[in-house]
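Down below is the structure, laid out as structure tokens.
The values are calculated or read from the model by the stated rules, or taken from the named source; none is laboratory data. This is a predicted model, so every value here is computed, not measured. Note: ideal-geometry Cβ built from the backbone for every residue, glycine included; neighbour counts use all protein chains shown. Just so you know, the surface numbers come from the protein's heavy atoms only, side chains and all, with ligands and any DNA or RNA stripped out. Shrake-Rupley method; radii C 1.70, N 1.55, O 1.52, S 1.80 Å.
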Amino acid sequence: MRLFDRLLRRAGRAPGAMPGRGAGDTGASRQNAPVGGNDSDPCAEGERLLALGSPQQALNAFQAALDGAADHAQAHVGEARAYLALSRTEEACESLEIALAVEPGCIPALQLLGRLRREGDRPREAIDLLARAVILAPERADLRFDLALALNRAQRPEEAAQAYRDAIERDPRNPAPRINLGLMYLQQFGDPVAAEAHFRHALQIEPGHVVGMANLGLSLHDQHRCDEAIALYREGLHQHPEHVELRWNEGLAHLSLGDYARGWPGYEMRFMRTGGRKLDRFPYPQWDGQALADAKLLVVGEQGIGDEIMFASCLTDLSDRVGGVVLECAPRLERLFMRSFGGIAVHGKERGVPIDWLRQYPEIGAKTAIGSLPRFLRCSREAFPTHRGYLVADPERVGSFRHRLRAAGPELTVGISWRGGTSGTRGPMRSIAVEQLRPLFAVPNTRFVSLQHALRPDEREQVRAAGMAVWDGAGDDMDDTAALVGALDLTITVANTNAHLAGGLGRPAWVLLNESPDWRWLCAGEASPWYPSLRLFRSDGRPRWSALIASLAQRLTAVASGPASDFA
């Protein structure tokens, strides 16, 4: 109804309407109308002013055009672009909807509103709008590119990939769709070789394309060609010394090789990347690793649950450097961390909550992200301690779980989880479908317990059909989950929070890694410098997971049938 009212006002038919004034305008803003421009064509004047970087004057010009012709679709599109330049997104969307009401086939309106719906996390609407535009102008590569972005946001990767291919076919000299398609092969389809080909083709089109270079390096990294990737990043940084993604990627490549001294500086680039959590809201200077004998250090958990567990291994090393530690962590970790780090003030807080609670610590002298601690404390492989666990599960809860497990029978008890991460952290690549785990479930003298957080209905049916015990609280509070893991004989998991939890507790665990694992698991080897109790098993990806799971089933059979449990 609001859109209809605006359209009526444009036509001057609404009761009490004020001619010459658009929605959201004031008399004062209209007094700033452009002078000396193209008075005969206010729409063209609006375009000129937008190009000059004068969005308010451009808005006035477009609205002057609409005062004389409320059904001028292109003027509504211009108005929307001016609103966007003024950061008035909602009004821009309304203008585009009016444009489509008066001209349903207005391709600029379909395209721009489609982009805004995608950016506003309404991908289905974006797909509908952009698909209409593609039908109207099938030769337009840019429309197919935008459609691919929306399809990918809607988690329809196969259709998105095809839309990128269609865009490439129509505009083979544009590197952008090739780069995006390469990223899909890299991050979603698990094919770094195909990704490399797309990135190299993009660089043939536009040599030195910095995004193409950064992503080509990632494809080399995922093929365990880290030295080549690092050489490429250095070449790119010679041309673009401050490029965040190149520095970030180079850091991860060094970390994957275990070259921690060279890797940690690049890892600090996470704060400058899109979506990175910054610590600006905490009013303390950044810690530089120097001693704070008379002051406390605020340590902030800024990443995922697993990251917080892994980097928490550095906390006990701070005792001889600072006068005390105040730790802000995820609420799900609060109880476990309070028990495990008795000399540290632990506070579980949701991100973005007010920081008034810090007033009780006037002695805080500096701050640091928990992921920045290794920069000072883990600069070489030798700096990683050979610990037997730095997390402490509730002994009573461990005993209770162990009693319940033993009451069910003498079999080997194995916790298992198969899914981890998100689409943004390559979750599909490191996750396994439940049915692929059947060879493990068939191992005799073994009883499985699901440690999978947030079981889906289809997964629940599958695990029950496999005779697996289900504990619905897995992962809700890491203190309870830690007690269950502490009671199990073994944990088998993909690279998710449970791997970090078992390692932090010093409990035996087999971690299943895909062929291109995250930097923390290194490029090769069965041992983890972070967690001595873990054993790493790496997939070769042919076909994905099958050979690895078959091998693990044989190994588990030998362990379960042996006289004593040996998980080495």
Exercise for the section: Calculate, for residue 173 and residue 433, the FRET efficiency according to 1/(1 + (r/R0)^6) with r their C-beta to C-beta distance and R0 45 Å; round to the nearest 0.05. Expected result: 0.65
Handout entry: Order of exposure, largest accessible area first, which applies to 76, 198 with probe 1.4 Å
Key = 198, 76
Handout entry: Theoretical FRET efficiency, 1/(1+(r/R0)^6), r = Cβ-Cβ of residue 137 and residue 237, R0 35 Å, to 0.05
Key = 0.30
Handout entry: Residue-wise HN-Hα coupling along the range 54-64, computed from phi with Karplus coefficients 6.51, -1.76, 1.60 (Hz; x: Gly, Pro)
Key = 10, x, 5, 5, 5, 4, 4, 5, 5, 6, 5
Problem - Pairwise FRET efficiency - residue 454 versus residue 290, Cβ, R0 = 41 Å, nearest 0.05 - result: 0.45
Practice task
Could you work out how far the C-alpha centroid of the range 97-130 sits from that of the range 464-536, in angstrom?
Solution key: 45
Practice task
Report, in debye and to the nearest 20, how large the dipole of the range 374-482 comes out about its Cα centre when Lys and Arg carry +1 and Asp and Glu carry -1 on their Cβ.
Solution key: 440
Problem - Candidate residues 320, 288: accessible-area rank, largest first, probe 1.4 Å - result: 320, 288
Fill in the blank from the handout: Taking only protein heavy atoms and a 1.4 Å probe, the highest-to-lowest accessible-area order of 378, 115 is 115, 378
Problem - Segment residue 546-residue 262, length gained on full extension (0.36 nm per residue, minus Cα span) - result: 98.7 nm
Completion exercise
Computed, not fitted: 222 nm per-residue ellipticity of the chain from DSSP H runs ≥ 4 (each -39500 (n - 2.57)), nearest 500, equal to -14500 deg cm²/dmol
Fill in the blank from the handout: HN-Hα couplings for the range 499-513 via Karplus (6.51, -1.76, 1.60; θ = phi - 60°), in whole Hz with x for Gly/Pro, come out as 5, 5, 5, 4, x, x, 7, x, 8, x, 8, 9, 10, 8, 10
Handout entry: Segments 165-175, 322-332 sorted - mean Cβ within 10 Å per residue, highest first
Key = 322-332, 165-175
Handout entry: the range 426-558, relative contact order [Cα under 8 Å, separation at least 6], %
Key = 23
Handout entry: Contact order relative to length of the chain, as percent, for alpha carbon pairs under 8 angstrom and 6 or more apart
Key = 8
Problem - Prolate/oblate/rounded label for the range 422-503 (Cα gyration tensor, a/c 1.5) - result: rounded
Problem - Exposure of residue 269 as accessible area (Å², to 10), given a probe of 1.4 Å and all protein chains - result: 10
Problem - With all protein chains modelled, accessible area of residue 523 [1.4 Å, Å²] - result: 30
Handout entry: Within-14-Å neighbourhood charge of residue 201 [Cβ basis; K, R +1; D, E -1]
Key = 0
Problem - Residues with amide H under 5 Å from that of residue 348, placed H, sequence gap 5 or more - result: 329
Problem - Gain upon complete extension [residue 356, residue 87; 0.36 nm per residue less C-alpha separation] - result: 93.7 nm
Completion exercise
So residue 387 and residue 121, fully extended at 0.36 nm per residue minus their Cα-Cα distance, gain in nm 91.3 nm
